[in-house]
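Structure first, commentary second.
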Amino acid sequence: MCGITGYVGHEEAAPILLDGLSKLEYRGYDSAGIAVRDNDGKVRVVKAKGRLKILSEKTDGGTTLPGHIGIGHTRWATHGEPSEANAHPHISDESSDSSAVVGVHNGIIENYHELKEKLIAKGYKFYSDTDTEVAVKLVDSYYRESGSPLEALEKSMVVIRGSYALAFMFKDYPDEIWTARKDSPMIIGVTNDESFIASDVPAILKRTRTVYYVDNLEICRVRAGDVKFYNIEGESRPKEAVSISWDAQAAEKDGYEHFMIKEIHEQPKAVYDTLSTLLKDGLTDLSSTGLEDSLIRNFRGVTIAACGSAWHVGIEAQYLLEGLARIPVRVELASEYRYRDPLPGFWEMNSDTAPAAGPVAGDLVIIISQSGETADSLAALREAKKRGAHTLAIVNVLGSSIAREAEFVLYTHAGPEIAVATTKAYSAQLVAIDALALHFARVRGVITEDKERQMTAELMTIPDKIRTLLEEKDRIQWFASKKINTRDAFFIGRGLDYAVCLEGSLKMKEVSYVHSEAYASGELKHGTISLLEQGTLVVSVLTQNRVLEKTLSNMVECKSRGAYLMAVTTHGHFEVEDIADFTVYIPKIDEHFAGSLAIIPLQLLGYYTSVARGIDVDKPRNLAKSVTVE
Ligand code: G6P
């Protein structure tokens, strides 16, 4: 969701800005623009609606914009339609090529309307519908008063409500870029004589691995190879750079046609790398998270808050934590949790004790997030902390806001995920939850060490079993091409299989635009079944023995109403083939962990359906990888 790049150094800025933006394409956008200051101090802005390719063509790969300092932006429309006028960068003075302030923004300025009216009263005119133009003109109004970028930013940050990562160039400081940040990501990379600004690490990996993570409410002055940080009071703050260990290759397609299929193939590694940090000598070991066993023993329950696929992992976690560790779990959509006055200790309500109004110590809130920047998940984390709960973040991106603000952090090790639709990060989260559930189960005395050893050994078979499943991808591709014209799809399953269905269905609809829903099989007769027509695709997941026959009966009910049935089941359940039109078998595994295998054919189904339908699978319309606004 919106990408920012910036460069100051000795090379031509525009090609570097464009290249950086191309690495941020995954975030989702509908227009783009760059602004470069030339050696005479003049700023030129070029913008384009649509793909970055158009901007690149318009500027001949950036070569028509000479200069060694500039800022770039990909915009995901919030205020105002996607258009050239609304695209960033925005300028304070339309009639001049030496505008006092030029800026880009990621986030939402909530009080932009009020600020705009005040600026209009001061004589400012507006050429776009964006909240960003308001921010640029607000900063300009303070800059005109003091002539100081630092003071202008400090004052603006005090009056702006909402979330932002902002980057500005000021007329009288031709060798500097200034940034300010609240609740939207921003990093700064440096070499000896260059500096790079970006919304995410992949944008700068080619050029440097030395990175500063900009903190909330922090202002930075960026010169070539020299970055200075200030707090909102304008006081200078020391900061250590960190060294990024991913290589640039990890964020490239590496011979695969799309990032999504590359990332599907990276799942054995993502799962292995994540498990390796959570298992030691055959037992789970959460010491890297900071979460101590003495605390785990005393938790009365767990709340999980997340969005999208991470929420699906939460649903799976509920089955696992309750089933294996016998601890009550509640799963919440982060966007709901943050506004509904939640009580972290909800289970207390059933006891004689009245629910505590203040902090409820002893309860755990888990936030699951690949990016660690999702606005709703971050807000849910803050809400949980405010209410006194212990917080554990399961996050993939090192140094992200959620990772930095949570009390305990469990890092998944999926590496950079570029395709909008998550696959490897989801799989890494799933095994992290498996390990967490096993650990809770042993520490709380529900399972023995022997049992745990046996189960962790099963967990470690997942990477190879995923590899085996991936060898069968041609069959799924064939099936997807056969069902290319499917209008609707329904995914049904019970228990853990239902959690897998939620994710399988999301994969289908988000990348292939086929209308799709996931239903717990038992709910079929309460609605969905009326939607079945001749040929409607129904995908069933059957890996849980206890309920397998129940779902089989539900499949028969669908078939007798004309549905076309695909089934995903465990090797050995050959009776499924008598009912399903197309069956995929997953290798045998402890049922608790079958979700990690059953999801693979469903990811492939979504992917190949999308490709067969000619959709831009890595960047489906309207979606963003990292949703940093509400
Ligand atoms: C977006 C992505 C999804 C992701 C969700 C939550 O909608 O497209 O793939 O599951 O955000 O993101 P997070 O980074 O918090 O896991």
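Go through the range 102-124 and give me each residue that's farther than 27 Å from Lys42 by Cα, assigned to a helix (DSSP H, G or I) and open to solvent by 50 Å² or more (accessible area, probe 1.4 Å). It would help to see each step written out before you state the result.
Applying the first criterion (farther than 27 Å from Lys42 by Cα) to the range 102-124 yields 107-115, 117-118, 121.
Among the residues that remain, those that are also assigned to a helix (DSSP H, G or I) are: 112-115, 117-118, 121.
Correct list: Tyr112, His113, Glu114, Glu117, Lys118, Ala121.
For the condition touching a residue at least 60 places away in the same chain (Cβ under 8 Å) and outside any helix (DSSP H, G or I), Val511 does not qualify.
Set side by side, the residues Ile600, Ile589 differ, and just one is part of a loop (DSSP other than H, G, I, E, B) and of a type in the set (A, V, I, L, M), which is Ile589. In this entry, Arg75 passes the filter for residues that are among the charged types (D, E, K, R), modelled with pLDDT under 95 and surrounded by 24 or more Cβ atoms within 10 Å (Cβ to Cβ). The set of residues from the range 380-391 being open to solvent by 20 Å² or more (accessible area, probe 1.4 Å) and either near the ligand (Cβ under 8 Å from one of its atoms) or closer than 20 Å to Ser163 by Cα (or both) comprises Arg382, Glu383, Lys385, Lys386. In the range 406-420 there is at least one residue matching the filter, namely being at pLDDT 95 or above, open to solvent by 20 Å² or more (accessible area, probe 1.4 Å), closer than 30 Å to Pro342 by Cβ and part of a loop (DSSP other than H, G, I, E, B).
Among the listed residues Arg475, Arg453, Arg467, identify the single one that is of a type outside the set (Gly, Ala, Ser), in contact with a Gly (Cβ under 6 Å, 6 or more places away or on another chain) and part of a helix (DSSP H, G or I).
Numbers: Arg475 fails: in contact with a Gly (Cβ under 6 Å, 6 or more places away or on another chain); Arg467 fails: in contact with a Gly (Cβ under 6 Å, 6 or more places away or on another chain).
Going through Arg475, Arg453, Arg467 in turn, just one is of a type outside the set (Gly, Ala, Ser), in contact with a Gly (Cβ under 6 Å, 6 or more places away or on another chain) and part of a helix (DSSP H, G or I): Arg453.
Looking only at residues in the range 603-618 that are surrounded by fewer than 24 Cβ atoms within 10 Å (Cβ to Cβ) and in a loop (DSSP other than H, G, I, E, B), which one is farthest from the ligand (Cβ to nearest atom)? That would be Gly614.
Determine whether the range 441-448 contains at least one residue that is open to solvent by 10 Å² or more (accessible area, probe 1.4 Å) and modelled with pLDDT under 95. Write out each step before concluding.
If we filter the range 441-448 for residues that are open to solvent by 10 Å² or more (accessible area, probe 1.4 Å), which is where we start, we get 442-448.
Narrowing the set further to residues that are modelled with pLDDT under 95 leaves none.
No, every residue in the range 441-448 fails to be open to solvent by 10 Å² or more (accessible area, probe 1.4 Å) and modelled with pLDDT under 95.
Set side by side, the residues His73, His68, His79, His90 differ, and just one is touching a helix residue (DSSP H, G or I) at 6+ places or on another chain (Cβ under 6 Å) and either closer than 15 Å to Met1 by Cβ or among the aromatic types (Phe, Trp, Tyr) (or both), which is His79. Looking only at residues in the range 552-586 that are open to solvent by less than 30 Å² (accessible area, probe 1.4 Å) and in a loop (DSSP other than H, G, I, E, B), the one that is farthest from Ser505 (Cα to Cα) is Gly562.
Looking at the range 117-136, is at least one residue among the β-branched types (Val, Ile, Thr), under 27 Å from Pro82 (Cβ atoms) and without any contact (Cβ under 8 Å) to a residue 24 or more places away in the chain? Within the range 117-136, one or more residues are among the β-branched types (Val, Ile, Thr), under 27 Å from Pro82 (Cβ atoms) and without any contact (Cβ under 8 Å) to a residue 24 or more places away in the chain.
Per-residue answers, yes or no, for (1) within 22 Å of the chain's Cα centre (by Cα); (2) touching a residue at least 40 places away in the same chain (Cβ under 8 Å):
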{"residue": "Val8", "(1), (2)": "no, yes"}
{"residue": "Glu12", "(1), (2)": "no, yes"}
{"residue": "Pro15", "(1), (2)": "no, yes"}
{"residue": "Ser22", "(1), (2)": "yes, no"}
{"residue": "Asp38", "(1), (2)": "no, no"}
{"residue": "Thr59", "(1), (2)": "no, yes"}
{"residue": "Gly67", "(1), (2)": "no, yes"}
{"residue": "Gly70", "(1), (2)": "no, yes"}
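If you check Ser195, Ser243 for being of a type in the set (Ser, Thr, Tyr), surrounded by fewer than 21 Cβ atoms within 10 Å (Cβ to Cβ) and farther than 28 Å from Ile433 by Cβ, only one passes: Ser243.
Looking at the structure I just gave you, is Ser505 assigned to a strand (DSSP E or B), within 16 Å of the ligand (Cβ to nearest atom) and surrounded by 17 or more Cβ atoms within 10 Å (Cβ to Cβ)? No; evaluated as a whole, the condition is false for this residue. Residue pairs whose Cβ atoms lie under 6 Å apart, separated by 6 or more positions or on different chains, with the first residue in the range 425-438 and farther than 16 Å from Pro268 by Cβ and open to solvent by less than 10 Å² (accessible area, probe 1.4 Å) and the second of a type in the set (S, T, N, Q) and more than 12 Å from the ligand (Cβ to nearest atom), are Ala435/Thr284; Leu438/Thr284. Tyr142 fulfils the conditions (1) open to solvent by 50 Å² or more (accessible area, probe 1.4 Å); (2) of a type in the set (Phe, Trp, Tyr); (3) modelled with pLDDT of 95 or more except for a single criterion, (1). The residues of the range 325-334 include none that are assigned to a helix (DSSP H, G or I) and open to solvent by 10 Å² or more (accessible area, probe 1.4 Å). Look at the range 581-595: where a residue is free of Cβ contacts under 8 Å to residues at least 24 places away in the same chain and within 16 Å of Glu471 (Cα to Cα) and a partner is among the acidic types (Asp, Glu) and open to solvent by 30 Å² or more (accessible area, probe 1.4 Å), sitting 6+ places away or on another chain with Cβ atoms under 8 Å, you get Thr583/Glu577. Out of all the residues in the range 80-114, which are on the phi > 0 side of the Ramachandran plot and touching a residue at least 60 places away in the same chain (Cβ under 8 Å)? Matches in the range 80-114: Gly107 only. Screening the range 174-260 for strands (runs of 3 or more DSSP E) wholly inside it with 1 or more residues that are of a type outside the set (Asp, Glu) and over 19 Å from Val104 (Cβ atoms) returns the ranges 187-190, 210-213, 226-230. Looking across the range 287-319, the residues that are surrounded by 18 or more Cβ atoms within 10 Å (Cβ to Cβ), closer than 16 Å to Ala403 by Cβ and more than 16 Å from the ligand (Cβ to nearest atom) come down to Thr289, Leu291.
Among the residues of the range 1-45, write down those that are part of a strand (DSSP E or B) and surrounded by fewer than 20 Cβ atoms within 10 Å (Cβ to Cβ). If you could, list the steps in order and put the result at the bottom.
To start, the set of residues in the range 1-45 that are part of a strand (DSSP E or B) comprises 3-8, 31-37, 43-45.
Across the range 1-45, the qualifying residues are Arg44, Val45.
On the given criteria, is Ile492 touching a Cys at 6+ places or on another chain (Cβ under 7 Å), more than 16 Å from the ligand (Cβ to nearest atom) and in contact (Cβ under 8 Å) with a residue 60 or more places away in the chain? Give the steps one after another, and end with the answer.
Values: touching a Cys at 6+ places or on another chain (Cβ under 7 Å): yes; more than 16 Å from the ligand (Cβ to nearest atom): yes; in contact (Cβ under 8 Å) with a residue 60 or more places away in the chain: yes.
Yes.
A count restricted to the range 366-379 and to residues that are out of contact with any Lys or Arg (no Cβ under 8 Å at 6 or more places or on another chain) and more than 11 Å from the ligand (Cβ to nearest atom) stands at 1.
Only one of the numbered conditions (1) in contact with a strand residue (DSSP E or B) (Cβ under 6 Å, 6 or more places away or on another chain); (2) more than 16 Å from the ligand (Cβ to nearest atom); (3) of a type in the set (S, T, N, Q) is violated by Gln534, and that is (1). Only one of (1) open to solvent by less than 10 Å² (accessible area, probe 1.4 Å); (2) modelled with pLDDT under 95 fails for Ala152. Which number is that? Among (1) open to solvent by less than 10 Å² (accessible area, probe 1.4 Å); (2) modelled with pLDDT under 95, Ala152 violates only (2).
The values are calculated or read from the model by the stated rules, or taken from the named source; none is laboratory data. This one's a predicted model, so the numbers in the text were calculated from it and none came from an experiment. Note that we place each Cβ from the backbone using ideal geometry, even for glycine, and neighbour counts take in every protein chain shown. Note: areas computed on protein heavy atoms with side chains; ligands, DNA, RNA excluded. Shrake-Rupley method; radii C 1.70, N 1.55, O 1.52, S 1.80 Å.
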